[in-house]
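To keep things clear, I will list the structure first and then write my remarks on it.
The values are calculated or read from the model by the stated rules, or taken from the named source; none is laboratory data. Computed from a prediction, not measured in an experiment: that's the story for all the values here. All Cβ positions, glycine included, derive from the backbone under ideal geometry; neighbour counts span all protein chains shown. Accessible surface areas use protein heavy atoms only, side chains included; no ligands, DNA or RNA. Shrake-Rupley method; radii C 1.70, N 1.55, O 1.52, S 1.80 Å.
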Amino acid sequence: MTVSIGPHRVGPGERPLVVAEMSGNHNGSLDRALEIVDAVAASGAHALKLQTYRPDTITIDVDAQAFRISDGHGLWGGENLYQLFERAHTPYEWHEPIFERARRHGLTVFSSPFDHTAVELLEKLDVPAYKIASSELVDLPLIRLVASTGKPMVISTGMATVGEIDAAVQAARDGGAAGIVLLACTASYPAPPQDSNLRRIPVLADTFGVPVGLSDHTPGIGVPVASVALGACLIEKHVTLRRTDGGVDSDFSLEPEELAALTVESERAWAALGTTTIGPTPTEREGLRFRRSLFVVADVRAGDPV
């Protein structure tokens, strides 16, 4: 039950694959986007992910209540969707230089498409895999289109019911996907840790028979590191250069030093899982020599009390 994404094997028994999501943290600057690529590579993370859409491929330019985020939203309250996506999208013409920079660093790079034009672009760039965003899990025609490329698919399950996940998995399988990885996800931004429900990770793995990871929007690295103990084999986190720079996703994004710590600590957590064996480990053998023991330091006769 493993899936290949570029040179990486994803599944039980494999080290967690750490994927850095750039999203809109380029803040409208290609130079900044390329700096983020450099920082991700320097952090030791394994892969970089983008989102591929234009504002007019994901919504319509209408300033009505149905197209505004609720006022109470912590980050984007009251914003018009079209204007938000205008700020956050990664222009199509930026993809090639971003992919080129990532590949030069040895990073695996792929993206989340939101319509057929995005798939066409990403196919030209020869992506090794595709990500389906939580919001698109119910777009079965898009899933079938992506699956028809014959590439592996990573599918986020935020907001989804078991029935909706099952329909998406079946569409991907029937469409010809070369393997599926599901991601547990809480699609709120930022997400409170208590809504992470990490115990669903093994449930998803058992139910669908695929590797399961975590797309995490909580602050910090505690939740994704903990997820490894529940079987998460891929961890996706948003990344920025500095949260103080601002940006649409900066509040729940990791800085490069934190991304580096996540990469180290998630692999350390995976290594610590070990086996179910109870008893002395090889590294404890030296300690066994110094357990309580009895040495005779004076002459004694047989029968003397000790």
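Worth a mention:
- Condition met for residue 137 (out of contact with any Cys (no Cβ under 9 Å at 6 or more places or on another chain) and in contact (Cβ under 8 Å) with a residue 40 or more places away in the chain): no
- Matching residues, region 1-23, being assigned to a loop (DSSP other than H, G, I, E, B) and either out of contact with any Phe, Trp or Tyr (no Cβ under 9 Å at 6 or more places or on another chain) or of a type in the set (A, V, I, L, M) (or both): 1, 2, 7, 11, 12, 13, 22, 23
- Residue match in region 67-89 (condition: among the polar types (S, T, N, Q) and buried (at least 22 other Cβ atoms within 10 Å of the Cβ)): no
- Cross-chain or 6+ apart pairs with Cβ under 9 Å, region 14-26 first and without any contact (Cβ under 8 Å) to a residue 12 or more places away in the chain and open to solvent by less than 10 Å² (accessible area, probe 1.4 Å), then among the hydrophobic types (A, V, I, L, M, F, W, C) and outside any strand (DSSP E or B): none
- For region 145-166, the set of residues classified as crowded, with 16+ Cβ neighbours inside 10 Å and either among the hydrophobic types (A, V, I, L, M, F, W, C) or in a helix (DSSP H, G or I) (or both) consists of 145, 146, 147, 153, 154, 155, 160, 165, listed by residue number.
- Of the strands (runs of 3 or more DSSP E) lying entirely inside region 39-136, those containing at least 1 residues that are over 22 Å from residue 187 (Cα atoms) and in contact with a strand residue (DSSP E or B) (Cβ under 9 Å, 6 or more places away or on another chain) are 108-113.
- Any hit, region 36-47, residues being small (Gly, Ala, Ser) and more than 25 Å from residue 257 (Cβ to Cβ): no
- Region 37-60, subset aliphatic (A, V, I, L, M) and either touching a Cys at 6+ places or on another chain (Cβ under 9 Å) or farther than 18 Å from residue 92 by Cβ (or both), residue surrounded by the fewest Cβ atoms within 10 Å (Cβ to Cβ): 60
- Here the condition is being under 21 Å from residue 182 (Cα atoms) and not β-branched (Val, Ile, Thr); of 241, 234, it holds for 234 alone.
- Filter pass, residue 240 being of a type in the set (S, T, N, Q), touching a Ser or Thr at 6+ places or on another chain (Cβ under 6 Å), over 17 Å from residue 3 (Cβ atoms) and modelled with pLDDT of 95 or more: yes
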